[in-house]
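FYI, it's all coordinate maths here, none of it is from the lab. In this text, all values refer to a predicted model and were calculated from it rather than measured experimentally. In this analysis, Cβ positions are derived from the backbone assuming ideal geometry, glycine residues included, and neighbour counts consider all displayed protein chains.
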Amino acid sequence: MPCDQLVSPMALAACTRVDSCFAPWFVPSLGVSLQLAQLDVHLCHHLEQLGTVPSRQLRPFLPDRKLPQEQEFMVTGAREPRVFLRQWSNGPRHCQEFSFSTQLDCKLLEYRNLTHLQLLQPVVLQGQAAATYCPQDTSLDVNVFVDPVFLNISQYAIHTVDTALRSWKQEGNPQAEELVYSHYVICNDTHETLCFGQVDTDENVLLASLHSHQYSWRSHKSPQLLHICIEGWGNWRWSEAFRVDNVGTLLRTIQYKGRTASLIIKVTQLNGVQKQVIICGRQVMLSYLTQHIELRVVQHYVGPDAQTVVREHCDCLEAGAKLPSYVLEDAEMTELCVRARGDEDWSQDVQLERRERGPSSSVVQVPCSSGTLLYVWCTLFTIEADTHMQQRVVVFSPLFVMRSHLPDPVILHVEKRSLGLRESQLIQGQGHQEPLLNTEADLTHHLTFQARHDEDASHCAVPISTSLIKQIVHKNGNEDNLEHILADFYGPKTSTGPPWPYVDKDTDRSVLEPLAQWDSPMQVKLSCWKSGLNTLLVELLPWALLANHSKWDLWLFEGETIVLQIPAGKIIVPPNFKEAFQIGIYWAHTNTVHKSTALKLVHDLTSPRWKEGSGSEVVTLDEEGYVEADITLGAFPGRQKLCQLCVSSVVRHGIQILQLEDRTILVNNTAHTIQYRPLLTDRALGTDGQACEIPETAQFSLAPSEELSRPCSVLCWDLLQTSVQGALEFPLPLRYMLLRLLPKPDGGVGSAGWSLPAPIRPDFPRLSVSVPGEAESVGGLSSRSIVLTYQEHLGVTYIILNEDPCPRMVIHNKCPIPLMLKETVKETARTEVYCRPLPANCSLHHELYHHFSSFPECRQKEMLPTLLLKTTSDHSSTDWTDPIDINCPGTQVVFLPGFGCLYIDVLYEKGTLVLCLAPEGGLDAVIHQHSSSPKASCRVLLSEASVVLSDDITDPSGSVELLRLTLTKLLLSLAPAPPSLPQEQGASDLGSAHISLVEVYCSNLQIDNQLYNRASFHFPVLLCQDQRSAAEPGGGPWSSEANPTESPEALEEFKRSCFLQLRMRLAGDRCNAEEITFQLQPARVYLEDTFVYYVKTLFHTYIPDSAMASAPAEPQRGTKCGSAPILPEQVLQAVQALVHPVRLQRLSIQPVNLLVSIHASLKLYIASDHTPLSFSLFERGPLCTTARQLVHALAMHYAAGALFRAGWVVGSLEILGSPASLVRSIGNGVSDFFRLPYEGLTRGPGAFVSGVSRGTTSFVKHISKGTLTSITNLATSLARNMDRLSLDEEHYTRQEEWRRQLPESLGDGLRQGLSRLGISLLGAIAGIVDQPMQNFQRNWETQSSAGSHAKGVISGVGKGIVGVFTKPIGGAAELVSQTGYGILHGAGLWQLPKQLYLPTEEKSCRAPNSHLKYVWKMLQSLGRPELHMALEVTLVSGSGQEHAGCLLLTSEVLFVVSLSEDTQQQAFPITEVVCQQEPGPGGQLSLTLQQQTVASDTEGDGVRERLTEQQYRRLVDYVLRAAHFLSPSAASLQLQLPVTLAEPPPSVTKTYRYLVDPAFAKVFVSKFTMVKNKALHIGFH
């Protein structure tokens, strides 16, 4: 019977209690747990595997190779790493979970002190990763939480990382250049062996002559000063200590037995971190000769017994080299004479006394047994004359140096007419320098030149003599600084310019050289060879050089006459052109030399560049410029070819250098052999709706890049001309290029078809050419996408072919019939747009005209054009389809005449537009081809990340913080991207299935000026968030348990409130970004020019050596005649940007609002406070452009935004009282006055009354704040400018220091303002007397002349008078300013952001020692033993005192080092020490030393060697064990006496105790046991 329901099922379920539930899925099938005490990763250099070639930067010094061969440079530690792995299995479903936690830190070696830098402070890392494997899909989920990250970047850290990277690149390459690791390189430039070391330490380093030593300080606890002694003197008397941290020159003297040795120490900067210390004597010998000579230096000095001692030093001075300097005083070096190497007779003594101020020169005849005459100039000059650091430099140089700029060698005839002698010498051309042989001083030599033996010598003789140099030097003037001569012998050999013929593709030439002459074929130029020397340079200059860099043998015509022929790759001296000349090429088919247009050289820049009236066409060529020359080859239309040449002219060394080059250079950077057909046409190659048909033309091949990556010239272009006159479609012929891939040798017979013609135009810098290829080779695609880039540089076109890393478009034709694709062009096309034939069942690449014609523009919204399709049929003409829109992904259906319905699917894959054309039912097969990739999601949370930029250079005693970037609550997320729109769900299965979304959220970002407390900067913060709320978004600080990822609502709330947001959609390969969105909340920016300039002065010290050395390494690629063309550096850089463009579907930067404060105080104080700048939305997409073009678009957008707010910038100037800030404050106050009551009115009477009260308060507060701020800023600006105008630096500095002490209340402000007003008044009165006295005292200290004293006093009086007016005005303005600041601070209306962290100064003396320091500096007495372990301990003395120490375990000795004193305290032999770990939790380590006590050293008649206790025990043990193996005789058994063991010798034991980490103690004890057993030869070793 029916009845009502009494209890609902929900109620029954609520009353049910489940005690337990079991599911097999919840029980892991496998669990693994691992925990370690410490995990360290050590990275080391092994110098024996690296380069051994001496560094060119340290020439001429050779390395002494005293560095340890193994250098540990980085230690990464994980403290207590815990790993937990679990796995679940449920049929086909598997799940793995991986949990980990540890504490990471990273330390770097610092090569100055060989201590450790803390690169990464200890940071807690926790996380888990879960992987789920299902038949349908696979997912990976990773969550990582990182506690505060503190990263310290400094010059020393960058240097260590940079040298490490360069070392790893040198691995296994001994021919590489030896790297310089240490911060100091000590070089011995004396003829003595030196010994040096750090003062107050036990260090002494021997350094041989002309050797260098990479030096690091022995101790960072002692004063970092060096001292030197001369090893050969044997007295070990050290010089006074000196510093090597400052660049400059020092002098140190050593006294010994009446002698004085002066050592000049030069400290030079190698780079931002490293310095070179060169120790040299007073006497320097240099040679510019090409022969080796021997020197004899005679030394006179008074010995300790008042006797004169004479010593001779004989050394060989090699050609073009220098001798190590002599440690002799000027008075001690009395004689100097020379002779040829291997000769017996010496020359006369060289004049060593200086006759006049400046260089003094004399000619010395060097005796030669070979019979040749050798006269040389001997020049003496003094560096830093009349100072303690003066050096005497003796330079030997030839009398005459000959340099010929001709292409071929010439025969030089030297006539000595007064002696009736004539000699000949072969002079090499091409800019080589050679000294003239057998020349004499004070004798006129007549030079004549002869090109070949079968030709006559020149009729005009050139007279030269050694007296000519005085006229040249007197005419040109002489420079006093002769340091450049010494620089020729130190460091890398620098070339003044490119090699002969002096032309490179560098366009950065600011100074244009004048042309020497153009009306005579040759010129002999006499000049000074090197400034300061008397060597005469004789240069043979042609008027011009003509280089044929093309691949053609060219003819030169002047008028109708043939001047000469230039083979390909040759350089000649052309005859002087009187009129225009033409270039000709011999063409065998017509047996004719075809000529180009006439070219005329223009030398006078004031002459007209064009001819008036209609005459014959002549192209003018300037001295610096280029023109194009075209030569038409062949006589029959349709079979003609056009050769395009570029004729360029430059002036180098007064020579006009003309170059003939092929105008088009092709480079194949692909792995395929490519055939190309260059075409030049003046008509359309295809008709509308039909494929283009091109007649057969010449074909050329390009080798693949791996075989021969050489640029190749395009010799000539096939000229396709119309047969009908006047039917030209283009005013100028257009260049096209067709490409084809050559099949591989095993690819069968036949070749693929040609590509569509690619236009070669400067406005199309990047073309993606679809070249037909083999369908199997490219994943089903029957074409290859080749990027053709166009670059023009100095008249030459460079066409470079690369594989396209990002094709623009791929078309899949799944129809059984071939189709024709046509693009609708909205605007007038700049080139012909061809129809693309689509073969049946074929896939190929394509690029629209819209794509390559708009590259690299950045347009706001770019719509792709529509496409048309039709079938290709020979017997009937079909119509085109309706326009197909390809802008939106999805599927469309169009009717194809002659076929039926056609399904078109549009899809974006990795930035490539994929177009699928399929008949009905054929599209599903395309869709199901897409395979599912594993879904990965990763989330990293950082509670705080702080990056500090520190300065190690300025203060050697410690590191100073410059900048600190702090990111608070940072979230990094990688997850599969959700579908954009619900209706795109079908398309998202294809396109969005592999797309990932990367998100970066930051709650707060701040950049602090950490020098604010150390220097007089105005702003403590450079960038921060505006109007920071009291409660931070996301609540309190994060932890691994409490963070926004616990709930989706908290996560969305955190994302909405973040200061910085960055979202990127990645393509399926997770490498290329498709969409980028950036959003920044309102921020404040504070800039001051003094801080920017200070950071700029230090900027170069942070640039590593590898970044600075890689730039100039490329241009050294020389070009030889006839070799392949060299690609300019600008072209190579531009091509990389063109081949790999910036491709994004959308780039969006949300509107940005900034409050900018700028203080400029270098000349006058100009300030603009809190200027509001608003920048609108920047959105582009889809875009394909270069990085340069994108940066240009960004700069223009934000520059325009700043210009539109220029009125606010002017209105925010403090000198005007900041009217803009006042207006803004009043506007905010009035707005609150009406807005708050209105909002309260909508909520009730009580809220209305509260709103009126709050609105009135805000109105009064804003108006008061705006008015006070305006007055205060005006007064501050006036006071600062008055302080500057007072011209009193001390007064200005004092006022700036006081201004940093802002008052806290009105009373405080009045007190400070009145006190500064009083001081300003006193300073104004006292300045009248004080300023002249200061100037007088300053001039007196510098020992200036009387005129300078008077001038200083007068200027001081002027400054004092100016101060009388400016200082009181500044003091009154400061009173107003301080009072205003006091009111603002007291009322809480002044808010200046504060630093998040106060700067910490890291003192270098407190840094921990590195492993390398122990091996290199403390164990050198053992000959660099192997250091098995260095254990930091706490030393416990007998009285219970504790101090830091370290135990060094080597193969033979155990050292105890005191870290506070940085010295060895004890050394124990391994075999006499017992090491063990004490039981208990304290972590104690005990060392027991066992020492023998012997009563008497003699026993019996002889001396017996005493055994140690260990040796004695081993002997007893051996005797007892060996006794069992002996077979005793019967007699011995009868006489056997009882055996009693002898007592061991008494010993004394002493125990030392150390406190140590228990985990490290176990490792140390086990290593100690292993090393001890090896020393005792126990076990297998």
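State whether region 95-189 is rounded, prolate or oblate according to the following rule on the C-alpha gyration tensor (a ≥ b ≥ c being the square roots of its eigenvalues): a/c under 1.5 gives rounded; otherwise a/b larger than b/c gives prolate, and the remaining case gives oblate. Oblate. Straight Cα distances below 21 angstrom link LYS910 to the lysines LYS861, LYS935, with same-chain residues fewer than 8 positions distant left out. Peptides 304-315, 958-969, 893-904 ranked from most to least packed by the mean count of surrounding Cβ atoms within 10 Å: 958-969, 893-904, 304-315.
Over region 172-217, the hull volume per residue, using the convex hull of the C-alpha atoms, is 102 Å³.
Cross-link partners for LYS641 among the lysines, with Cα-Cα distance under 17 Å and sequence neighbours closer than 8 places in the same chain left out: LYS551, LYS595. Pairs from the table (LYS826/LYS870; LYS1096/LYS1413; LYS266/LYS505) lying more than 27 angstrom apart at Cα are LYS1096/LYS1413; LYS266/LYS505. Could you tell me which trypsin sites (Lys or Arg not before Pro) in region 319-369 are loop residues by DSSP with no more than 15 other beta carbons within 10 angstrom of their beta carbon? Sparse-neighbourhood loop trypsin sites (Lys or Arg not before Pro): ARG341, ARG354, ARG355, ARG357. For the cross-link pairs LYS66/LYS221; LYS275/LYS1417; LYS530/LYS570; LYS107/LYS1550; LYS1417/LYS1567, the ones whose C-alpha atoms lie over 25 Å apart are LYS530/LYS570; LYS107/LYS1550.
What GluC sites (Glu not before Pro) does region 799-886 have in DSSP loop regions with at most 16 other beta carbons within 10 Å? Qualifying residues, ordered by number: GLU827, GLU857, GLU862.
Straight-line reach from LYS1367: taking Cα to Cα under 29 Å and skipping same-chain neighbours fewer than 8 places apart, the lysines in range are LYS1163, LYS1265, LYS1351, LYS1359.
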